[in-house]
1. May I ask you to list the trypsin sites (Lys or Arg not before Pro) in the range 34-132 that are in a DSSP loop and have at most 15 other Cβ atoms within 10 Å of their Cβ?
2. When only the heavy atoms of the protein chains count and the probe is 1.4 Å, how do 21, 134 rank by accessible area, highest first?
3. Under a GNM of the chain (C-alpha, springs under 10 Å), which listed residue has the highest mean-square fluctuation: 127, 83, 34?
4. Grab the other residues whose beta carbon is less than 11 angstrom from that of residue 88, score K and R as +1, D and E as -1, and report the net.
5. Using Cα pairs under 8 angstrom and six or more residues apart, how large is the relative contact order of the range 1-135, in percent?
6. Out of 122, 19, 104, any idea which swings most in a Gaussian network model of the chain, alpha carbons joined below 10 Å?
7. If you add up the charges near residue 138, with Lys and Arg at +1 and Asp and Glu at -1, over every other residue whose beta carbon is less than 9 angstrom from its beta carbon, what do you get?
8. Could you work out how far the C-alpha centroid of the range 51-80 sits from that of the range 84-111, in angstrom?
Amino acid sequence: MHLKVADLERSLAFYRDLLGFEVTMRFGSQAAFISAGGYHHHIGLNTWHSKDLPPAPIHSVGLYHTAIVYPTRKDLALIYNRIQKSHYPLTGASDHGVSEALYLDDPDGNGVELYWDRPKELWPTKIDGSLDMFTNALDIDDLLREIER
């Protein structure tokens, strides 16, 4: 994913400092590439056509949200805890049956979903075997108990 951003440092504060991505390369104050786990880049950020511009309108075509998967439920609990301690606002927290997810917006108004997938054998299914996904409120207290386990 490569995002146009208004302010590179502000975006790095979100993706690097809050979410924990590592900077793998920078092009001065115009662009940066970030990753998790040593990959060359998962996300590109640039100001080439967007420096100091406002967010895209909500009611227009474009990115709805990007989804970042965490390997375990405990990892999702840890990032939730980190977000809460930083006082960064969430826009939602949902249990979808197949996954549990946290939602927030990056500084440019791009939606970001942070989630973990339940093991496939626990996914809810209908009688015909198709998925039976839903959107329920995420039990945050239960999620946070993962940190203590």
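The values are calculated or read from the model by the stated rules, or taken from the named source; none is laboratory data. What you are looking at is a predicted structure, and each value in this text was computed from that prediction instead of being measured. As a convention, Cβ positions derive from the backbone with ideal geometry for all residues, glycine included, and neighbour counts pool all protein chains shown. Surface areas here come from the heavy atoms of the whole protein model, side chains and all, with no ligands, DNA or RNA. Shrake-Rupley method; radii C 1.70, N 1.55, O 1.52, S 1.80 Å.
1. Details: sites: 51, 73, 74, 82, 85, 120, 126; in loops: 51, 126.
When the trypsin sites (Lys or Arg not before Pro) of the range 34-132 are filtered for loop state and at most 15 Cβ neighbours within 10 Å, 51, 126 remain.
2. Working: 21 20, 134 75 Å².
The ranking, largest first, comes out as 134, 21.
3. Comparing 127, 83, 34 in the GNM, the peak value goes to 127.
4. Working: positive: 82, 85; negative: 17, 105, 106.
That sum, taken over residues with Cβ under 11 Å, equals -1.
5. Values: 226 pairs, mean separation 28.5, N = 135.
Relative contact order comes out at 21 percent.
6. Its mean-square fluctuation being the largest, the pick is 122.
7. Working: positive: none; negative: 95, 100, 139, 142.
Taking every other residue near residue 138 into account, the sum is -4.
8. Cα centroid to Cα centroid, the span is 7 Å.
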